[in-house]
Amino acid sequence: MSGPSANPRKTETVRDLGAVDIGALRANVMAIPEAVWVAENASKPNKFEVLDGTRHIVFRFVDGPLDWRGSHDRPAWAPWRNFLEPVLADAVRDYGYARGVFPRVMLARMAPGGFIHPHIDANPAAKWPHKIHVPITTNPGVVSFFGGAERHFPVDQAVEVNNLAPHWVRNDGDSDRIHLIFEYYDPDQPEPAWLAPLLQASVAR
């Protein structure tokens, strides 16, 4: 039996979403004290071995790994929302969703020499939303593998990536790579037929 199918609206490679204004957000990100990065990373909900030493500040996250429709604000969301919301809205303007939702929003910081191991986003809650990156800071040595090819994503250019095929990232440069990473979906799109049986089966266990 095959697993849950992907949202047909998701890119199968990489989708360029164009330039976004990250000026105010970037200034505040670059001013985050090291102690805040340490504390936020220690409390993050996305502790996966493939992420290696990549650190995160998580603003919003899904309630569980099966269903993208339930999500919540984390403590960092309130003080950051005025800087994040304009960037999020700018990045997704071309989708045209009337009531788009952002179930996961985070910053990901990869130090020089860092590596995110090859993987796919396997949990069912990752099958439906678009996965979008906005580079905040990078360097020429940062290489990502998405959509079957190595790529370098420039600062302030939003891009949707295929998170359901094998992907990886490495930082061979001498400075941090920090991305704003988030998910986005249309709550008015019909839900996939596999979702209800999956949730019912999880309750029955």
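The values are calculated or read from the model by the stated rules, or taken from the named source; none is laboratory data. Note that the coordinates shown come from a computational prediction; the quantities given were computed from them, not determined experimentally. Counting neighbours? That spans all protein chains shown, and the Cβs are built from the backbone with ideal geometry, glycine included. Ligands, DNA and RNA are excluded from the accessible area calculation, which covers all protein heavy atoms including side chains. Shrake-Rupley method; radii C 1.70, N 1.55, O 1.52, S 1.80 Å.
Structure above, values below:
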{"read-out": "Single residue of region 192-205 satisfying the filter (free of Cβ contacts under 8 Å to residues at least 60 places away in the same chain and part of a loop (DSSP other than H, G, I, E, B)) that is most open to solvent (accessible area, probe 1.4 Å)", "value": "ARG205"}
{"read-out": "Residue in region 170-177 that is open to solvent by less than 40 Å² (accessible area, probe 1.4 Å), within 17 Å of the chain's Cα centre (by Cα) and under 18 Å from ASP16 (Cα atoms) present", "value": "no"}
{"read-out": "Conditions (1) out of contact with any Pro (no Cβ under 7 Å at 6 or more places or on another chain); (2) open to solvent by less than 20 Å² (accessible area, probe 1.4 Å): number failed by VAL62", "value": "(1)"}
{"read-out": "Residue within region 49-58 that is open to solvent by 20 Å² or more (accessible area, probe 1.4 Å) and without any contact (Cβ under 8 Å) to a residue 60 or more places away in the chain present", "value": "yes"}
{"read-out": "Matching residues, region 46-77, being out of contact with any helix residue (DSSP H, G or I) (no Cβ under 8 Å at 6 or more places or on another chain), closer than 21 Å to GLN200 by Cβ and part of a strand (DSSP E or B)", "value": "SER71"}
{"read-out": "Residue that is surrounded by the most Cβ atoms within 10 Å (Cβ to Cβ) [pool: residues in region 106-133 that are under 18 Å from THR13 (Cβ atoms) and among the β-branched types (Val, Ile, Thr)]", "value": "ILE132"}
{"read-out": "Test set (1) of a type outside the set (Val, Ile, Thr); (2) under 21 Å from LYS127 (Cβ atoms); (3) open to solvent by 50 Å² or more (accessible area, probe 1.4 Å); (4) modelled with pLDDT of 95 or more - ASN7 fails condition number", "value": "(3)"}
{"read-out": "Qualifying residue in region 129-139 (condition: under 24 Å from TRP77 (Cα atoms), at pLDDT 95 or above and hydroxyl-bearing (Ser, Thr, Tyr))", "value": "yes"}
{"read-out": "Filter pass, ALA91 being buried (at least 19 other Cβ atoms within 10 Å of the Cβ), among the hydrophobic types (A, V, I, L, M, F, W, C), under 22 Å from GLU191 (Cβ atoms) and touching a Gly at 6+ places or on another chain (Cβ under 9 Å)", "value": "no"}
{"read-out": "Residue within region 72-83 that is among the acidic types (Asp, Glu), open to solvent by 70 Å² or more (accessible area, probe 1.4 Å) and in contact (Cβ under 8 Å) with a residue 12 or more places away in the chain present", "value": "yes"}
{"read-out": "Test result for ASP121, out of contact with any His (no Cβ under 7 Å at 6 or more places or on another chain), among the charged types (D, E, K, R), touching a residue at least 12 places away in the same chain (Cβ under 8 Å) and on the phi > 0 side of the Ramachandran plot", "value": "no"}
